[in-house]
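A short write-up of the structure that comes next.
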Amino acid sequence: MLDGRGIEINHIGYAENRNPFAIKNMNYSLLTTGMVYDLISRKVIYPGPIAPPKSLVPKTKKDSKK
């Protein structure tokens, strides 16, 4: 989720052809599966499970030897 309410500097409108641009005070939240984010209060209201489901955890070589 991106929250741009606090942006102080924004040069993205002037960037051309993948040139660098500046944004200052952009807040973001990286949400994972199961998290619930309230768009009105702009807060996570449920953090989701502590660990991802086993179906989403990549198998390692060690796991395949079992």
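The values are calculated or read from the model by the stated rules, or taken from the named source; none is laboratory data. Predicted, not measured: the structure shown is a model, and the values here were computed from it. Cβ sites come from the backbone with ideal geometry, for glycine too, and all protein chains shown count toward neighbours. Keep in mind that these areas ignore ligands, DNA and RNA; they rest on the heavy atoms of the full protein, side chains included. Shrake-Rupley method; radii C 1.70, N 1.55, O 1.52, S 1.80 Å.
Could you size up the charge dipole of the chain around its Cα centre, putting +1 on the beta carbon of Lys and Arg and -1 on that of Asp and Glu, and report it in debye to the nearest 20? Show your work: numbers first, answer last.
Values: 11 positive and 5 negative charges, 140 e Å.
So the dipole magnitude of the chain works out to roughly 680 debye.
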Lys61 to Met26: extension gain in nm, 0.36 nm per residue of separation minus the Cα-Cα distance? 8.6 nm
Quick query: amide H of Tyr37 versus all other amide H atoms, modeled in the peptide plane; which residues come in under 5 Å with a sequence gap of 5 or more or a different chain? Ile45
Kindly report, to the nearest 10 Å², the accessible surface of Arg42 as traced by a 1.4 Å probe over protein heavy atoms only. 100
Checking the a/c ratio against 1.5 first, then a/b against b/c, what shape does the Cα gyration tensor give for the chain? oblate
Expressed per residue, the solvent accessible area of the chain in Å² (1.4 Å probe) is about 97
Residue by residue, what Karplus-based ³J(HN,Hα) values in Hz, rounded to whole numbers, does region 34-42 have, using 6.51, -1.76 and 1.60 with θ = phi - 60° and x for Gly and Pro? x, 6, 10, 10, 8, 5, 6, 7, 6
Using θ = phi - 60° and the Karplus curve 6.51 cos²θ - 1.76 cosθ + 1.60, what whole-Hz ³J(HN,Hα) does each residue of region 3-9 get, with Gly and Pro shown as x? 10, x, 4, x, 4, 9, 10
Sulfur and carbon atoms: percent of accessible area, the chain [1.4 Å]: 57
Put +1 on the Cβ of every Lys and Arg and -1 on every Asp and Glu Cβ in the chain; which of Ile7, Asn17, Pro58 then has its Cα farthest towards the positive end of the dipole? Pro58
Cα-based count: Lys pairs in the chain below 24 Å, eight or more positions apart or different chains? 4
Of the listed peptides 23-29, 35-41, what is their order by residue-averaged count of other C-beta atoms within 10 Å, with the highest listed first? 23-29, 35-41
